[in-house]
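The values are calculated or read from the model by the stated rules, or taken from the named source; none is laboratory data. A quick note: this is a predicted structure, and the numbers were derived from the prediction, not measured. Here the Cβ positions follow ideal geometry from the backbone for every residue, glycine too, while neighbour counts run over all protein chains shown. These accessible areas exclude ligands, DNA and RNA; they are computed on the full protein's heavy atoms, side chains included. Shrake-Rupley method; radii C 1.70, N 1.55, O 1.52, S 1.80 Å.
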Amino acid sequence: MGRVRHRISTLPPRRPLCVVAFALAPLALALLVGPLRFDAELLFRDPAASTGSPPYLGFFSNLGILAWCVAGTSSLLAALTLPPSRARAALGAGGLLAAALTLDDMFLLHESVLPFFGVPENLVLACYAASAITYLWVFRDVHRLMDWPLLLASLTLLGSSVVLDVLAGDMEWLILEDGTKFAGICAWCAYHLLAARYWLRRALGTDRVAHRATGITP
């Protein structure tokens with residue numbers, strides 16, 4: 001605990017210039033709208049407000065993106081906080097995968113953007129599947145200490161959603177396909193939130209019983 005307090009006390013001061021740059025980023029983006037001939041209303045306003053759609057437009061899609069984001073943020077924050085270890089590597093890998101899927105869902109990368117540049121949608125989905133299986137296998141020793149059935153359920157649900165999307169491709173299957181995907185995202189989010197909490201508590205010395213019961217250092 002003393003080491004943690006020492007680290008916190010020796011952290012560098014906040015950098016207001018970074019905050020200002022982040023706040024001015026939308027202004028810089030707005031200045032690019034004109035030359036690039038984007039519709040400013042569609043680019044900046046809420047989709048429901050811009051299209052005159054009901055406020056629940058994309059409700060479950062937006063919730064899924066938020067769940068991906070929470071999973072990625074919590075995992076990466078824990079990975080940046082923990083000392084070098086297998087747990088840190090596992091959280092970093094899971095967080096990066098969740099971050100990639102957040103961007104994919106938010107900007108329709110595998111559905112629209114990457115196919116526009118000649119990358120087949122099925123190839124992108126295959127890369128995601130291979131990354132998830134690799135993550136599950138390489139860090140199996142870490143996952144065994146966590147709620148691994150939750151992670152396995154997540155990957156099964158997400159895989160089932162992809163299969164339904166590829167084989168069915170019909171609006172009749174939309175609720176089943178997207179419902180399965182949403183359940184898989186929620187399971188992924190729950191698993192990584194619990195994992196980040198577990199390893200951070202061990203690092204802070206508040207979970208000494210679990211620390212003695214496992215052989216992996218936080």
With θ set to phi - 60° and the Karplus curve 6.51 cos²θ - 1.76 cosθ + 1.60, what are the ³J(HN,Hα) couplings of region 120-134 in order, to the nearest whole Hz, using x for Gly and Pro? x, 4, 5, 5, 5, 4, 5, 5, 5, 4, 5, 5, 5, 5, 4
Suppose accessible area is computed on protein heavy atoms with a 1.4 Å probe; arrange F182, F44, F22 from highest to lowest. F22, F44, F182
Test of the criteria: in region 109-146, which chymotrypsin sites (Phe, Trp or Tyr not before Pro) are in a DSSP loop and have at most 16 other Cβ atoms within 10 angstrom of their Cβ? F117
Given labels modelled 7 Å from the Cα in the Cβ direction, how far is it in nm from L77 to L136? 2.8 nm
Apply 1/(1 + (r/R0)^6) to the Cβ-Cβ distance of M106 and A49, taking R0 = 25 Å, and write down the FRET efficiency to the nearest 0.05. 0.90
Label point distance in nm, F22-L96, each placed 7 Å from Cα along Cα→Cβ: 2.2 nm
Ratio of the Cα radius of gyration of region 46-91 to 2.2 N^0.38 Å, where N counts its residues: 1.78
For labels at R197 and Y56 in the simple 7 Å Cα→Cβ model, what's the distance in nm? 2.9 nm
Count charges around L114 for me, please; just the other residues with Cβ under 15 Å from its Cβ, Lys/Arg as +1, Asp/Glu as -1. -4
